[in-house]
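Scroll down for the structure; my scribbles are underneath it.
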Amino acid sequence: MGRGMSKASRLQRLEEILLSSSRGHTIKELADVLEVHRTTVWRDINELSLQAPVQESENRYFIDRKEYLSSIRLSRGESLMLYLALRKMIRQQSHLPPMMVMAMEKLSMALRHPSSVQLAESIQGMKNGQLSTVELARIWEVLVQGWIERITVRITYQEIQTSVVEEYEVQPYQFEPTVQGEGVFLIGHCLSHEALRTFRVDRILSAALTTKRFVRPKDIVIDSMLRHLWGIWYGEELTRVRLRFKDPEVAEQVRKTLWLPSQKVRDLEGGGVEWSARVRDVFELVPWIHGWGSDCEVIEPNELQERMIELKKNHGGVTMTVIDVPREVTFSEAFYQSLQEVLDGERIKVCLQCSSCSGICPLGYAMEYHPRKMISALRAEIFDAVLDTDSVWMCVSCYACTEVCPAKIPLTDGLMTRTKEEMLMAGNVPKELQDALENSQRYGNPLGESPRKRADWAKGLKPEVTIMAKADRPVDVLWFVGDYPSYHPRVQKISKAFCKVLAALGVDFGILGPEEASDGDSQRMAGENGLFEMLAIKNGKAFSKYHFNEIITTDPHAYNALKHKYPEFGISYPVRHYTEFLVDRMEDLKPLLKKQIDATVTFHDPCYLGRVNGIYEEPRMLLQAIPGVELVEMSHNRENSLCCGGGGGGMWLDGFQWEKTQTRLSEWRVCEAVEASGAEVDVRRPPIKEKRRRGLQAEEEKLPTKRILAGACPYEAPRFEDAVKMVEKANHLEVKDIAELLAEAMED
Amino acid sequence: MDIFVPVKLVPDLVEELEIDNSGTSLDRTFLRLMLNEFDEHAIQEAILLKNRIGGQVIVIAPDYDGVDDVLYTAVARGVDRVIKLNGDFEGDVNSHALARIIAAKLKKFDPDLVLTGVQAHDSLDGPVGALLSAELGIPYVGYVSKVRMSEGKCTVSKEYPGGLMAEMEVVLPAILGIQAAEEPPGYIAISKIRQAMKGATIEELDSDELNCSGGVTPSRMYQPEVGEKATMIDGEEDAIAERIVEVLKERGIF
Amino acid sequence: MENDIFVLVEHLRGEVSEITYVMLAAARDLAAETDARVVAVLLGQGAEKLANDFAADVVLYADHEALKGFISDAYLQVLENILQDHSPRIAIFGDTSIGADIAGCLSVKLGSPLVSGCRSFTMEDGKPKFISQIYGGKIMAKGEVPSPTCLVTMIPGGYKPESGKSTSSPEINSITFPEPTGLRVSLNQYVEPEITDVDISKEPVLVAIGRGIGREDNIELAEELADALGGVLCASRPVVDQGWLSTSRMVGKSGKSVKPSIYLAMGISGAPEHVEGMSDSELIIAVNTDPAAPIFDVAQYGAEIDLLDLLPVLTEKIEAAKGG
């Protein structure tokens, strides 16, 4: 409590205190308890009263429990559960009732997690682009009021089978989300039908309160109704459905999962299972069955069997009959096959559809087809639909999904990259990315700069930087510089700093200069395998001309390519990332770091250094070797580090991704960095005018120590510095590469 | 319907352009050549047309250094035939010369429709398209950004400054100078170009000797002298903003 | 006469385009040194009045229905005739959607050489020389204008259009010519550009943004500056291509030509295609992080700073100056 407590958690605590005693508290008492100034409490109460019915009597403040319906106290774990449940619902909704978003925001605040608040805000932003939710909000309010206060409501409803709009009077008893799909259902007694009926809320076109009140009968057995319901279409009789799952692995999954309370699962010879249940309307099962692809066979009833056959025919897939009819391979099947040819690719067959991948994907919520759904579409043989959308371009190849997949499917390298490749082949590429790829083809770098100028950044440096073609002698270390470190003004500074460090250590190094081409790894992850090969071979030729003992690089993407992919073309050299290289020389390095840098430093684990290649400690060791540095960790670090958004083509998809989500991953990360360094972060988007008075603000705040976000990848410095400009309270955050900090700590 | 697209390669402006020792032409040592941007659009528009009405797209290019890659890329885009004109194109080959050798070949094909880029930045004697039209005796409309075919003629959108367009009708056979294709050329993956290299053949035709008359030889080429440069304002944003406000005040904006 | 300098007048829908006056100014300039006549060639229907302010010695006017709009076929037939009859020393056309469509054809038909991209002329050793711009403006080429007749297409920038205007009307000769026949090109209709709220070419204060604006959400900052100044936002091609502003806001060769009192170029590099459209602005202030950006060659004042840092501060100070 007290200092260091973020405003969000303070408001939460304030609410609790105001709820706890009906006598209320004075401002002074609250200020003492919360350990803040009175004016802060005053402002907090004003803000809180927007969300909760704060009342005042004789200068004492309290919240009336009876007025305030949702005064549930949740532990953080409980809040997390609700939050997850809401997230799942939000993903499935095409319309977001404002209540859902508000609840999401409140839960996120309770969790005190900047990235989840950003998520909520982003969803709010997305929602703004959707169909008008004003009417929807109104309808929800009416229904909820009718439900709580037991008032009959009058609704106009769009029937599904007749497309006719009818008016009904309904006594709302209960709300229930569907098991499958994106519905929420209102269950109640319909006066027109004089029976219990269900209505899908998103087909309710209008709702109004009547003057009639009702009493809910105690012996309504809604549960039993639900048992037989599967989503809701109208049906009177219960029909038995029998499905056969032959594959033992699939059968295992079916056996273990409860899809419907009334289901029965029976083992078959050969390892499969037969699943049966009685449902109100069988057609609601269609999407679920379809998702299983050819793993699921319908045995009963006939209508369902016919429908599935019809669907398969339209998508050109296997028929549901037992006999295998010879036919052409569909695109989806061919693609599925090709995925399995990647290393460990067959693991895609055991995907549980658990959605861990989609959940951890930083931009999964903005994809129409997030990873889990992509696999589901693949199995349903409707993968063409995935390629018709452009959601795969939201993927920044950060490897979070691969890291977290319990079935160990190579999602990033396999599924996402191959899908991007298909998009590329079809020419379906956002313009920025197209330019970067064409530039890489033509000039050997994505920035479109002249290859002859690749070593211009090193001109005039003392001691002189050795360029291999001119030097004509062997060197100890070949430094593979990379595209952005060679051409981008901000990253060139890092290159120069690294030269200083190498020189101070007396390292005999050289660079390829104009003979160096892009490492090609990001282009590869963006789907351009042919381009990658071309660039690799070009670099390989340059390497083979010279003598050196090892290659080091300041670029984790180049590191990844040189270490793991270039050997496939016969280009194999010992490779290290510069942090590994320097830690090896720590004995020589440490004494050189004489200047104190008083700063709270947090390290951002680059995806391709950390998650992909397992290098976590070396960068931290280097930072801790600098006197004065206090190293703190962000809430996402090491394996679950949050991507800066630059990989997999992300560096060239900024405009595209911004348009879809109104947010940037680099901004989320900067929020985390600010919070990690102890400052309060306000993640709501500030009005533009306030944003940019950088120099002035830092002075005004008179911070005790510097705050630095340190990186070890060339994409980061420009991305994070841009993000710092956009996040309020991040103005004082400095962004530096480790090499720059080391150089700074050395005496001139 | 056969659509012919004569194209040329021009120096890539990403590299520094240098004048050679004679002072009358470009130093070609480090010159990198690329497909003329407008010709690229012409190829694209031709392919879009072909996709709508059927037929073939035939690209013709003189044998510049690196032209093979350009032609294979064209095949990867959907061009049906690619033809290379043999000859010596090392030195300065002007538009008049190009128009003559292309016309000589096109006359044999008797084309219905020819699309070509509306201009090229290396030309000192006008665009090839207009010259070609006189050589072949068929009408020319330039600055075209949309082409629709109908029986025996085509309807085109001709661009004028400020966004104004004129819808014109041209009787075939005709030549159109393309300013921009209706859809920009999409991305062609390297693997597609590789595939094209394996599958396609570049036809070769011998061209006549170059006749450059009609063009001009410059007596001198140089980089433009910079006129008076701007007065630079120093300082941080506050100082700069204040000075700008002063300047604006002097101009009476307030 | 062999010494004459001919200028083909360009006009669209009753308005003479600015390039015509630039060409007349060029012709006047040359004519002064060679003692030649400046002859404006005007083709149209009922269009004589357009020639009233030409700084020409004489106007040859051909009137015909087929010449009402610009039809390359018709213009070619009539011009071929005129040029064959008169054999001028130089015939100047605009390097435009009109001039470039026909100059080349005439070059082949008449057997006269053609020089394109010409920015200006000069006399050296008693001979006229052309100075043309190629490679996107990176290289200038100078050479003799071949005799006896040479066709030239001109680009703007070398002469002020005012120098091509005259307060006294030139002599107008209606000429006879064989009727254009067998026309294979016809004009269906004109299509206006999308209607917008503002015509930037009429605005006295323009704030222009280029690639340096970075992202769409930064445009708000520039809008605030424009509001504070009482001006209007416009852009260079890259911004419009992204779809962040409509094409009617584009300044440059393929967009609009503007001549405001104040032109603030923010994050614009100054490529020739853009400069062509705004170089006549009275006061140009340019902001760019690259000190070598060509925009600084055309601006009167410049600052090497990130426009995103400058914009809010500048807006504030202007608001203060206006209020105070």
Can you sort A:ASP32, A:ASP472, A:ASP202, A:ASP555 so the residue with the fewest Cβ neighbours within 10 Å comes first? A:ASP472, A:ASP32, A:ASP202, A:ASP555
Using only Cα atoms, find the angle between the long axis of helix B:237-250 and the longest principal axis of chain B, and express it within 0 to 90 degrees, rounded to the nearest 10. 90
Which residue fluctuates the most in chain C, going by a Gaussian network model with Cα springs under 10 Å, if the choices are C:HIS11, C:HIS64, C:HIS274? C:HIS64
Once the mean of 1/r over all distinct C-alpha pairs in region A:431-585 is inverted, the Kirkwood radius in Å reads 15.6
Taking chain B as the reference, fit the longest principal axis to its C-alpha atoms, fit the long axis of helix B:95-109 to the helix C-alpha atoms, and give the angle between the two in degrees, 0 to 90, nearest 10. 30
Read phi for every residue in region C:41-56 and hand back ³J(HN,Hα) as whole Hz from Karplus 6.51 cos²θ - 1.76 cosθ + 1.60, θ = phi - 60°, with x for Gly and Pro. 9, 10, 10, x, 9, x, 10, 4, 4, 4, 7, 4, 10, 6, 8, 10
How many nm separate the modelled label positions at C:SER147 and A:LYS408, each set 7 Å beyond the Cα in the direction of the Cβ? 8.9
Derived scalar couplings ³J(HN,Hα) [region C:284-290; Karplus, 6.51 cos²θ - 1.76 cosθ + 1.60; whole Hz; x for Gly, Pro]: 10, 10, 10, 10, 7, 6, 9
Gap separating the Cα centres of region A:480-537 and region C:1-74, nearest whole Å: 58
Mean projected area in nm² (Cα convex hull; one quarter of hull surface) for region C:5-174: 9.1
Under 10 Å, Cα contacts only: if you run a Gaussian network model on chain C, which one of C:GLY69, C:GLY231, C:GLY126 comes out with the highest mean-square fluctuation? C:GLY126
Compute the longest continuous run of chain B that contains no exposed trypsin sites (Lys or Arg not before Pro); treat a site as exposed when its DSSP state is not H, G, I, E or B and it has at most 16 other Cβ atoms within 10 Å. B:29-228
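For chain C, what does -39500 (n - 2.57) per DSSP helix run (n ≥ 4), summed and divided by total residues, give at 222 nm, in deg cm²/dmol to the nearest 500?
-7500 deg cm²/dmol
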In terms of modelled amide H atoms, which long-range or inter-chain residues lie less than 5 Å from the amide H of C:CYS234? C:VAL207, C:ALA208, C:ILE209
Taking the Cβ-Cβ separation of C:GLU65 and C:THR167 as r and a Förster radius of 30 Å, what is the calculated FRET efficiency to the nearest 0.05? 0.40
Just subtract the alpha-carbon distance of A:LEU209 and A:GLU169 from 0.36 nm times their residue separation and send over the number in nm, one decimal. 13.4 nm
Cα-based Rg and Dmax for region A:7-63, where Dmax is the largest Cα-Cα distance (Å): 9.8, 27
Taking A:527-538, C:219-230 and ranking on average Cβ neighbours within 10 Å, highest first, one gets A:527-538, C:219-230
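My understanding is that a pair violates if its Cα-Cα distance is over 29 Å; which of A:LYS408/A:LYS493; A:LYS493/A:LYS595; A:LYS408/A:LYS431; B:LYS50/B:LYS158; B:LYS105/C:LYS142; A:LYS470/A:LYS538 do that in this structure?
Values: A:LYS408/A:LYS493 39 Å; A:LYS493/A:LYS595 19 Å; A:LYS408/A:LYS431 33 Å; B:LYS50/B:LYS158 20 Å; B:LYS105/C:LYS142 33 Å; A:LYS470/A:LYS538 19 Å.
Flagged as over cut-off: A:LYS408/A:LYS493; A:LYS408/A:LYS431; B:LYS105/C:LYS142.
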Residue-span extension gain [A:LEU343 to A:GLU368] - 0.36 nm each, minus C-alpha spacing: 6.3 nm
Hey, what D do you get for region A:331-425 in µm²/s if you plug the Kirkwood alpha-carbon radius into Stokes-Einstein at 10 °C and 1.306 mPa s? 123
Specify the residue with the greatest mean-square fluctuation among B:VAL59, B:VAL170, B:VAL114, computed from a Gaussian network of chain B linking alpha-carbon atoms under 10 Å apart. B:VAL170
Quick one: give the max-minus-min coordinate of the C-alpha atoms of the protein assembly as shown along each principal axis, largest first, in Å. 110, 79, 71
Could you tell me, in Å, what Rg and Dmax come out for the Cα atoms of region C:200-323? 12.9, 38
Got the relative contact order for region C:160-277 handy, in percent, Cα pairs under 8 Å and 6 or more residues apart? 28
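Nearest 5 percent is fine: what portion of the DSSP beta bridges confined to the protein assembly as shown is antiparallel?
Values: 87 of 185 bridges.
Counting DSSP beta bridges with both partners in the protein assembly as shown, the antiparallel share is about 45 percent.
For chain B, what does -39500 (n - 2.57) per DSSP helix run (n ≥ 4), summed and divided by total residues, give at 222 nm, in deg cm²/dmol to the nearest 500? Working shown, then result.
Values: 6 runs with 76 residues, N = 254.
Calculated at 222 nm, the ellipticity per residue is -9500 deg cm²/dmol.
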Pairwise FRET efficiency - B:LYS107 versus A:ILE537, Cβ, R0 = 51 Å, nearest 0.05: 0.70
Applied in sequence order to region B:195-205, the curve 6.51 cos²θ - 1.76 cosθ + 1.60 (Karplus, θ = phi - 60°) yields integer Hz couplings, x standing for Gly and Pro, of 4, 4, 4, 6, x, 9, 10, 8, 6, 10, 10
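Please arrange A:THR553, A:THR198, A:THR39 by how many other C-beta atoms lie within 10 Å of their C-beta, fewest to most. Intermediate results must be reported in sequence, preceding the final value.
Values: A:THR553 25, A:THR198 21, A:THR39 10.
Fewest-to-most Cβ neighbours within 10 Å comes out as A:THR39, A:THR198, A:THR553.
Let's test the formula: R0 of 25 Å, r as the Cβ-Cβ distance of C:GLU15 and C:LEU183. What FRET efficiency results, to the nearest 0.05? Mind dumping the intermediate values first?
Numbers: r = 24 Å, r/R0 = 0.95.
It comes to 0.55.
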Eigenvalues of the Cα gyration tensor times 5, then square-rooted: what semi-axes does that give for region A:239-314, in whole angstrom, largest first? 19, 15, 10
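For chain B, report the % of Cα-Cα distances exceeding 28 Å. Walk me through the intermediate numbers first.
Working: 13638 of 32131 pairs.
Taking all Cα-Cα pairs of chain B, the fraction more than 28 Å apart is 42 percent.
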Work out Dmax and Rg for chain C from the C-alpha atoms and quote the Rg first, both in angstrom. 22.0, 70
Neighbour counts of other C-beta atoms within 10 Å: give me A:TYR487, A:TYR369, C:TYR263, A:TYR573 arranged from fewest to most. A:TYR573, A:TYR487, A:TYR369, C:TYR263
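Considering only DSSP beta bridges where both residues belong to chain B, give the percentage that are antiparallel (nearest 5). Spell out each step's value before the answer.
Details: 17 of 43 bridges.
Within chain B, antiparallel bridges account for around 40 percent of the total.
Quick note: the coordinates plus some simple rules give every number you see, no bench work behind them. This one's a predicted model, so the numbers in the text were calculated from it and none came from an experiment. As a convention, Cβ positions derive from the backbone with ideal geometry for all residues, glycine included, and neighbour counts pool all protein chains shown.
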